[in-house]
Amino acid sequence: MEIDLSQFSQVFFEESLEGLDAMESELLNLDVNNPDEETINTIFRAAHSIKGGSATFGFSQVANYTHLLETLLDEIRDGRRQMTNEHQDMLLLSVDLLRNMFDALMRKIDFDDPLLAQLEKQFTIEIAKGTKGAAPEESDSSNDTLVEQEATGLLHWAIDFQAGIDILRCGNDPYLMFNELRQLGELSVNLAKHSSPEFNDIDPEACYLNWQLELVTDQPLERLKEVFEWVEDECIINYSSSPVMNGNANPDSGPSNIESTEVAIPQEQQGSETVQNDVGGKRLDEAKTSNQEPKPKAASKAKLPETGSIRVSIDKIDLLINMVGELVITQAMLGQIGQQDEINEESFESLKQGLEQLATHTRDLQESVMQIRMLPISFAFNRFPRLVRDIGQQLGKKVNLVLKGEDTELDKTVMEKIVDPMVHLVRNSLDHGLETPEERLAKGKSEVGTITLNAFHQGGSIIIEIIDDGAGLDTDKILSKAREKGIVGQDEELSTEAIHKLIFKPGFSTVDAVSDLSGRGVGMDVVRQNINELNGSIELKSTQDKGSRFTIRLPLTLAILDGQLVRVGRHIYVVPLVSIHESLQVEPNKINRLSDGHELIQLRNEYLPVIKVYQEFCHTADAKEIKDGLVMVVDSNNEKIGLLVDELLSQQQVVIKSLEDNYSQVPGVSGATILGDGTVALIIDVTGLVSLAGITNMKEHAA
């Protein structure tokens, strides 16, 4: 009976990627000079689980590589080898490599990266050096094999494997175990003496076979036992060994009384490997090709399907079940009232009570469902220790990363989309924010710079801060560059805050030479744009020689929005409540018209441009002039702007539906929602509407 393992592959991929995250985290926290035993064990267990699972699923490329990691880690945890900085770097590179290998497997495309061969060679050479304190021998390529055998101490193992009759029923396949053994060295598989029932009495799900296995390997007995650890309670397994001299087993120590019979393995399971009988411990499988399945002919543009998952705590599931139970009870009560022929005063009160309960339970259910999508922001923060370490080493800077508010929860979708802007901000803080140790000492600072990532809730939003204690922004240099590029007039004077905002201008940069890390300012417009697409905002505060603080404000979720309903003609729109400052009627003497047709209103000490929504969306409105309607003051890229509408309606929480998925992208609109009366209302994208109206420099219009 064959089991289709592909149905479990997605779970394996997710667990393996979690294992790689754990490996990376432990490696970054590891004190190489005094490694913690439990930390090494955690790293080893992650590598072992990935290797075993990969072998089970037939991902031999991953299994072969993680076997090298496992071998090195096993020697380190047993005290046979000293952990070094080189080992730490090799293992961290391996985490990156394995992530890319899994990405290729999930996309069903070939994996071809020269780093694989490079790291395989490094691990092989390192393992061949022997145990701790052993000096590597110098040798030429002609006797590399002999040196490796002398260093590793090859053994010829004879394994008597008497399978239990129920082994197949438990989902264990001897073929997969033999494949894992084959990863450890040269394997010979022979069918041993066994007894079988008459043909009519054979149970197709029972196993009646025994095998004699011969393996030449440098691995200890404990490693061999790991292959059979899942079946050791239901099978009889005996091990015996003898040393290998010059690549051959000792002829006097081989197993006896073994029936040498070719093992018949189904053709569909063989792949490109031929299993043959091998008598006397000679090399097996001369024609084998690393047990790899034929490579799929996949297009290079294959895309990974969106099949993400979330691990949810039992408490959240229990709460959700309770909410559904309450809804069922309320529905049953309303159903009984609906079956009555007449509605009297008593039943009418029961109906009102039931509807109120229904509203309460629906709201509670909605909150419970949204909590399922909420994950601690530590899922995003956990990638930055590695980033800071690698870039700090590359730039020769000493950096201390401080993480705060890691338990702060955020919607999974928001978290995934905010990671790239955060990475860009942290990279720029490392590259151009923090000074070198020499520069910091000259300024009277500690030679170790600090980058802080902080997250916390504030109202209905989440705040993420990226703080560094570096050089801060050079306002004179920024202003000079802006004048050079024609962004700011030669005689124009700007406040410090306005100068800082110049770094968010498209293509603006103060760096003289572009590096692979980019300068502070390069791509900052993209950072702001990505944050705006999340209905968020970014603010900057910086003090020269003290440091900088970027503050990102985001909605907790992209699925539900607190919005203000407005009417424009006969059309209803939703404006995100988080973007609204105030709404007012404007007196005629506070309105000014510019030569290009734009209109400004004077609001206290500011002049704000106004967008007539009906004009941009081609509607017929009641109020065509600013003095006849209402102006809603909203925020766009930290600048205030007015929207002219006919009427303010109610405020309510709306469920966001993607307009692009269901129709097409519409400029100035970020999505849609269905109102209580069944009509569709579009959600205004304030930043997109500003762009649609052609107001690219609001300060210029307000000047």
task: Using label points projected 7 Å from each Cα along Cα→Cβ, tell me how many nm separate Ile372 and Leu395, to one decimal.
output: 4.3 nm
field: Relative contact order (percent, whole number), segment 321-441, Cα cutoff 8 Å, 6+ residue spacing
entry: 25 percent
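Kirkwood Rh over Cα pairs of segment 387-500 into Stokes-Einstein at 10 °C, 1.306 mPa s: D in µm²/s?
Details: Rh = 16.4 Å.
My calculation gives 97 µm²/s for D.
Can you sort Ser9, Ser579 so the residue with the fewest Cβ neighbours within 10 Å comes first?
On the way: Ser9 16, Ser579 21.
Lowest to highest Cβ neighbour count: Ser9, Ser579.
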query: Going by how many other Cβ atoms sit within 10 Å of their own, how do Asp431, Asp525, Asp420 line up, fewest first?
result: Asp420, Asp525, Asp431
field: From the C-alpha gyration tensor of segment 587-658, square roots of 5λ in Å
entry: 23, 16, 13
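Do any of Lys412/Lys657; Lys481/Lys505; Lys352/Lys657 go past 20 Å between their Cα atoms, and which? Walk me through the intermediate numbers first.
Working: Lys412/Lys657 17 Å; Lys481/Lys505 12 Å; Lys352/Lys657 31 Å.
From Lys412/Lys657; Lys481/Lys505; Lys352/Lys657, over 20 Å: Lys352/Lys657.
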- line: Length gained, Val402-Asn322, 0.36 nm per residue minus C-alpha separation, equals 24.9 nm
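Where Lys and Arg each count +1 and Asp and Glu each count -1, what net charge lies around Asp469 among other residues with Cβ under 14 Å from its Cβ? All intermediate terms of the calculation are to be shown ahead of the outcome.
On the way: positive: Lys397, Lys398, Arg440, Lys443, Lys445, Lys541, Lys546, Arg549; negative: Glu435, Glu439, Glu447, Glu465, Asp468, Asp545.
Its environment carries a net charge of +2.
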Per-selection metrics, segment 423-469 (Cα): Rg and Dmax in Å: 13.6, 44
query: When the Karplus curve 6.51 cos²θ - 1.76 cosθ + 1.60 is applied with θ = phi - 60°, which whole-Hz ³J(HN,Hα) does each residue of segment 179-186 get, with x for Gly and Pro?
result: 4, 5, 4, 5, 5, 8, x, 8
message: Test of understanding: what is the full-extension gain from Leu17 to Asn638, defined as 0.36 nm times their sequence separation minus their Cα-Cα distance?
response: 219.7 nm
- prompt: What nm value, rounded to one decimal, do you get for the distance between Ser196 and Phe8 when each label is placed 7 Å out toward the C-beta?
  reply: 2.7 nm
query: What's the exposure ranking of Trp157, Trp211, Trp230, going from fewest to most Cβ atoms within 10 Å?
result: Trp230, Trp211, Trp157
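Sequence gap at least 6, Cα distance under 8 Å: using those rules, report the relative contact order of segment 635-677 to the nearest whole percent.
Numbers: 22 pairs, mean separation 13.7, N = 43.
Relative contact order comes out at 32 percent.
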Cα centroid separation, segment 73-91 to segment 316-383 (Å): 55 Å
- line: The alpha-carbon center of segment 446-485 and that of segment 552-604 are separated, in whole Å, by 29 Å
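Strictly over 26 Å apart at the Cα level, which of Lys417/Lys443; Lys417/Lys485; Lys404/Lys546 would you flag in this model?
Lys417/Lys443; Lys417/Lys485
Each reported figure results from applying straightforward, stated rules to the coordinates on display, with no laboratory input. Nothing here was measured: the structure is a model prediction, and the numbers come from that model. Using ideal geometry, Cβ is built from the backbone for each residue, glycine included, and neighbour counts are taken over all protein chains shown.
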